[in-house]
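For reference, the structure is listed below as structure tokens.
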Amino acid sequence: RSTVYQCRKVEKLTAADIRSAVEDFEAGEWAKRASRFVFATSHEAVRRELADTIVELSDRLHGHEPAISFVVWDAETLAGLLKDEPALVRDFFGPGHFEAFVPEAARAASEGKAAPQ
């Protein structure tokens with residue numbers, strides 16, 4: 001079974017945005033093949049209204065047969081994941097972001113020490 005990732009660029013993340021993403025996922029072909037649905041956003045998803053919606057939708061997807069887990073990667077989660085992947089930050093976001101986001105890895109790379117992973 002597969003993991004399906006979805007991200008949507010929105011100016012402000014609302015509960016309706018998350019609900020819409022799950023509804024689109026459920027209506028699509030991938031819902032039949034997935035064991036995990038990851039919604040990625042550059043916004044914070046810790047606000048209570050969003051947390052309540054995430055729990056509700058998680059329960060809903062878990063009720064599928066077979067169950068589908070629902071995970072939200074918000075700004076904080078993505079930052080944590082990217083801190084462990086400095087080469088990804090460098091390659092996809094450029095040297096300015098690399099230096100600002102993972103300064104210790106950038107410093108080591110500029111000094112010819114261990115290359116970012």
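Send over the semi-axes of the chain's equivalent ellipsoid, whole angstrom and largest first, taken as the square roots of 5 times the C-alpha gyration tensor eigenvalues.
After scaling each eigenvalue by five and taking roots: 33, 16, 11 Å.
Using alpha carbons only, how many angstrom separate the centre of the range 4-26 from the centre of the range 66-117?
For the range 4-26 versus the range 66-117, the Cα centre distance is 24 Å.
Please give the calculated 222 nm ellipticity per residue for the chain, where each DSSP H segment of at least 4 residues contributes -39500 (n - 2.57) and the sum is spread over every residue; nearest 500 deg cm²/dmol?
The helix contribution divided over the chain gives -15000 deg cm²/dmol.
Under a 10 Å cutoff between Cα atoms, tell me which one of SER69, SER35, SER20 has the largest fluctuation in the Gaussian network model of the chain.
Maximum among the listed residues: SER20.
Using a Förster distance of 25 Å, how high is the FRET efficiency between ALA51 and ASP91, based on the Cβ-Cβ distance and rounded to 0.05?
0.15
Quick one: if the Förster radius is 25 Å, what FRET efficiency do ASP84 and SER2 give, using the C-beta to C-beta distance and rounding to 0.05?
0.60
Over the range 1-69, what number does the Rg to Rh ratio reach, with both radii from the alpha-carbon atoms and Rh per Kirkwood?
Taking Rg over the Kirkwood Rh, I get 0.95.
Relative to the present Cα-Cα distance, how much length would full extension add between SER35 and GLU104 at 0.36 nm per residue of separation?
So the chain would gain 21.2 nm between SER35 and GLU104.
Measuring from label point to label point, each 7 Å out along Cα→Cβ, what is the VAL71 to ASP24 span in nm?
The answer from the label model is 2.1 nm.
Could you tally up the Lys pairs in the chain with alpha carbons closer than 29 Å? Skip any pair fewer than 8 positions apart unless they're on separate chains.
Pairs that pass both the separation and distance tests number 4.
Each reported figure results from applying straightforward, stated rules to the coordinates on display, with no laboratory input. This structure is a prediction, so every number in the text was calculated from the model and none was measured. We place every Cβ from the backbone using ideal geometry, glycine too, and count neighbours over all the protein chains shown.
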